[in-house]
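Enquirer: I'd like to ask you about the structure that follows.
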Amino acid sequence: MKLASLKHGRDGQLVLVNSALTEMTPVEDIAPTLQAALDDWPHIEKQLCARYKQLENGNIQGLPFDQTSCASPLPRAFQWADGSAYVNHVELVRKARNAEMPSSFWTDPLMYQGGSDSFLGPYDPIVMPQSEGFGIDFEAEIAVVTGDVPMGVSAEEALDHILLVMIVNDVSLRGLIPGELAKGFGFFQSKPSSAFSPVCVTPDELGDAWDHGKLSLPLVSHFNGQLFGEPDAGTDMTFDFGQLIAHAAKTRPLSAGTIIGSGTVSNKLDGGPGKAVSEGGVGYSCIAEVRMIETIQQGEPKTPFMQFGDKISIEMFDKEHKSIFGKISQVVEQAK
């Protein structure tokens, strides 16, 4: 089942979208918003699935689906917690500044609680007051939406609480991160509004690509029209989503509609850092990783962060090269 939220009020209007992403049908008689559906998922899911099958089989008249009219599936959420499941990425960050990585990073996930009150739509611009000094960067990631999760859930049990899967551009302001982390209190200004894919899907839509809390398909990023990265989201993922959810729920329950992110998708190459697509690698999911590798290999970074007018698109395709979640397509604009 594929779901989307059209831009409407604060929380959007829930619609079902066919697997080809060409048609949709409103479902306000079942649930007006995605959050309303998640709040009563055990009962609502059956009704939505029945309507989805009707749409897929052509038994009801669908309306044209326009991805640009979408908000993020959850335009705002009760909780957005982003992990760093690809420890290769973390290792590069620390190596670039000659810092040792604690061994615990391989056994205990990193996670921060991000702002969830103002997500961007998948085609909304990234608006910033300035680009110089902020270090604007994109981060291509996978995210899941949970139902209600009890405190102390095990990693294995947590997998049963994953209701939906989507992709995300977790926008980061690299120039502001060092100062914030130096205070010892985590991210805030350096993590502005994120954007999620037009469509979220139930795990069964992913077939055998979804296995034990990992999604094993390339996550494809184009920066200013050029292929920037296509790392496999299931490769080098140290912590699966069951482990990430269990980490988040160690000392608190999670409410239905909680979003858990994977962190920047990152693949190694022959046991070392990845390489650009042009050099035979699978590329990267953020600019920072390129700059880290440049620093390690050349002594300083060469690739600039995003400037006004730069464009980023993020998408994932199934084995038949059909878009699964639709496209995140954003341009960086200066605030007026």
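The values are calculated or read from the model by the stated rules, or taken from the named source; none is laboratory data. Computed from a predicted model, the values in this text were never measured in an experiment. Methodologically, a virtual Cβ is constructed for each residue, glycine included, from the backbone with ideal geometry; neighbour enumeration extends over all protein chains shown. Accessible surface is based on the protein model in full, side chains and every heavy atom, while ligands, DNA and RNA are left aside. Shrake-Rupley method; radii C 1.70, N 1.55, O 1.52, S 1.80 Å.
Enquirer: Regarding L6, is this residue closer than 15 Å to P122 by Cα and either under 19 Å from the mean Cα position of the chain (by Cα) or open to solvent by less than 70 Å² (accessible area, probe 1.4 Å) (or both)?
Expert: Details: closer than 15 Å to P122 by Cα: yes; either under 19 Å from the mean Cα position of the chain (by Cα) or open to solvent by less than 70 Å² (accessible area, probe 1.4 Å) (or both): yes.
Yes.
Enquirer: Still on this structure, I have one more. Scan the stretch 79-130 for residues that are crowded, with 16+ Cβ neighbours inside 10 Å, acidic (D, E) and under 29 Å from G147 (Cα atoms) and report the count.
Expert: 2
Enquirer: Hey, another quick one. Enumerate the pairs (first residue in the stretch 13-40 and closer than 25 Å to M316 by Cα; second residue anywhere and open to solvent by less than 10 Å² (accessible area, probe 1.4 Å) and assigned to a helix (DSSP H, G or I)) with beta-carbon separation below 6 Å, excluding pairs fewer than 6 apart on the same chain, so at least 6 apart or on different chains.
Expert: L14/L34; L16/L55; N18/L55; T25/L55
Enquirer: Name the residue that is most open to solvent (accessible area, probe 1.4 Å), counting only residues in the stretch 171-207 that are of a type in the set (F, W, Y) and part of a loop (DSSP other than H, G, I, E, B).
Expert: Pass one, the stretch 171-207, residues of a type in the set (F, W, Y): 185, 187-188, 196.
Next, from what is left, pick out any that are part of a loop (DSSP other than H, G, I, E, B): 185, 187-188.
Details: F185: 192, F187: 65, F188: 166 Å².
Selected residue: F185.
Enquirer: Please specify each residue of the stretch 122-142 satisfying the condition of being at pLDDT 95 or above and among the hydroxyl-bearing types (S, T, Y).
Expert: Taking the stretch 122-142 and keeping what is at pLDDT 95 or above, we get 122-129, 134-142.
Of everything in the stretch 122-142, just one residue is at pLDDT 95 or above and among the hydroxyl-bearing types (S, T, Y), namely Y123.
Enquirer: Which helices (runs of 4 or more DSSP H) sit wholly inside the stretch 1-115 and have at least 2 residues that are under 30 Å from K250 (Cα atoms), touching a Phe, Trp or Tyr at 6+ places or on another chain (Cβ under 7 Å) and not small (G, A, S)? Let's see the steps before the verdict.
Expert: Values: elements: 34-39, 41-56, 87-96.
Where helices (runs of 4 or more DSSP H) fall fully within the stretch 1-115 and carry at least 2 residues being under 30 Å from K250 (Cα atoms), touching a Phe, Trp or Tyr at 6+ places or on another chain (Cβ under 7 Å) and not small (G, A, S), they are 87-96.
Enquirer: Moving on to the next point. Taking the stretch 233-267 only, how many residues are small (G, A, S), touching a Leu at 6+ places or on another chain (Cβ under 7 Å) and either within 13 Å of I142 (Cα to Cα) or not in a loop (DSSP other than H, G, I, E, B) (or both)? Please lay out each step first, then the result.
Expert: Pass one, the stretch 233-267, residues small (G, A, S): 233-234, 242, 246, 248-249, 255-257, 261-263, 266.
In the following step, the residues that additionally are touching a Leu at 6+ places or on another chain (Cβ under 7 Å) were identified as 233-234, 242, 248, 256-257.
Filter once more, so that each one left must be either within 13 Å of I142 (Cα to Cα) or not in a loop (DSSP other than H, G, I, E, B) (or both): 233-234, 242, 248.
Residues meeting the conditions: 4.
Enquirer: Of all residues in the stretch 52-63 being out of contact with any Pro (no Cβ under 9 Å at 6 or more places or on another chain), closer than 18 Å to E28 by Cβ and of a type outside the set (G, A, S), which is surrounded by the most Cβ atoms within 10 Å (Cβ to Cβ)?
Expert: Here is the first cut: in the stretch 52-63, the residues out of contact with any Pro (no Cβ under 9 Å at 6 or more places or on another chain) are 52-62.
Checking which are closer than 18 Å to E28 by Cβ leaves us with 52, 54-55, 60-62.
Keeping just the survivors that are of a type outside the set (G, A, S) gives 52, 54-55, 60-61.
Details: Y52: 21, Q54: 15, L55: 23, I60: 13, Q61: 9.
Ranking the qualifying residues of the stretch 52-63, first place goes to L55.
Enquirer: Residue by residue through the stretch 266-305, note down the ones that are touching a His at 6+ places or on another chain (Cβ under 9 Å) and either aliphatic (A, V, I, L, M) or open to solvent by 30 Å² or more (accessible area, probe 1.4 Å) (or both).
Expert: Listed by number, the residues that qualify are A288, M292.
Enquirer: Of all residues being touching a helix residue (DSSP H, G or I) at 6+ places or on another chain (Cβ under 9 Å) and part of a loop (DSSP other than H, G, I, E, B) in the stretch 208-232, which is nearest to D170 (Cα to Cα)? Just the residue, please.
Expert: The qualifying residue nearest to D170 (Cα to Cα) is E230.
Enquirer: Please enumerate the residues belonging to the stretch 257-287 that are of a type in the set (A, V, I, L, M) and out of contact with any strand residue (DSSP E or B) (no Cβ under 7 Å at 6 or more places or on another chain). Walk me through it before giving the result.
Expert: The initial filter retains those residues of the stretch 257-287 that are of a type in the set (A, V, I, L, M), namely 259-260, 265, 269, 276-277, 282, 287.
Selection gives L269 alone.
Enquirer: Checking the structure you have, find out if any residue of the stretch 147-170 is of a type in the set (V, I, T), open to solvent by less than 40 Å² (accessible area, probe 1.4 Å) and either without any contact (Cβ under 8 Å) to a residue 24 or more places away in the chain or in contact with an Asp or Glu (Cβ under 6 Å, 6 or more places away or on another chain) (or both). Write out each step before concluding.
Expert: If we filter the stretch 147-170 for residues that are of a type in the set (V, I, T), which is where we start, we get 149, 153, 162, 165, 167-168.
Checking which are open to solvent by less than 40 Å² (accessible area, probe 1.4 Å) leaves us with 149, 153, 162, 165, 167-168.
Right, trim to either without any contact (Cβ under 8 Å) to a residue 24 or more places away in the chain or in contact with an Asp or Glu (Cβ under 6 Å, 6 or more places away or on another chain) (or both) and you get 168.
Among the residues of the stretch 147-170, at least one is of a type in the set (V, I, T), open to solvent by less than 40 Å² (accessible area, probe 1.4 Å) and either without any contact (Cβ under 8 Å) to a residue 24 or more places away in the chain or in contact with an Asp or Glu (Cβ under 6 Å, 6 or more places away or on another chain) (or both), which makes the answer yes.
Enquirer: Then there's this: Could we say that C49 is on the phi < 0 side of the Ramachandran plot, in contact with a Pro (Cβ under 6 Å, 6 or more places away or on another chain) and open to solvent by less than 50 Å² (accessible area, probe 1.4 Å) here?
Expert: Taking the combined requirement at face value, the residue does not satisfy it.
Enquirer: In this structure, does L227 turn out to be touching a residue at least 40 places away in the same chain (Cβ under 8 Å), open to solvent by 10 Å² or more (accessible area, probe 1.4 Å) and of a type in the set (A, V, I, L, M, F, W, C)?
Expert: Numbers: touching a residue at least 40 places away in the same chain (Cβ under 8 Å): yes; open to solvent by 10 Å² or more (accessible area, probe 1.4 Å): yes; of a type in the set (A, V, I, L, M, F, W, C): yes.
Judged against the criteria, L227 is a match.
Enquirer: Could you give me the residue pairs with C-beta distances under 7 Å whose first residue belongs to the stretch 278-297 and is over 13 Å from R174 (Cβ atoms) and in contact (Cβ under 8 Å) with a residue 40 or more places away in the chain, whose second residue is in a helix (DSSP H, G or I) and hydrophobic (A, V, I, L, M, F, W, C) wherever it lies, and which are 6+ apart or on separate chains?
Expert: What qualifies is G283/V277; Y284/V290; I293/L92; I296/A96.
Enquirer: Could you list, in sequence order, the residues of the stretch 306-332 that are open to solvent by 30 Å² or more (accessible area, probe 1.4 Å) and either among the β-branched types (V, I, T) or over 21 Å from the mean Cα position of the chain (by Cα) (or both)?
Expert: Answer for the stretch 306-332, where residues must be open to solvent by 30 Å² or more (accessible area, probe 1.4 Å) and either among the β-branched types (V, I, T) or over 21 Å from the mean Cα position of the chain (by Cα) (or both): Q307, F308, G309, E320, V331.
Enquirer: Also: Tell me, please, whether a residue that is in contact with a strand residue (DSSP E or B) (Cβ under 7 Å, 6 or more places away or on another chain), closer than 17 Å to C286 by Cα and at pLDDT 95 or above can be found in the stretch 145-161.
Expert: No.
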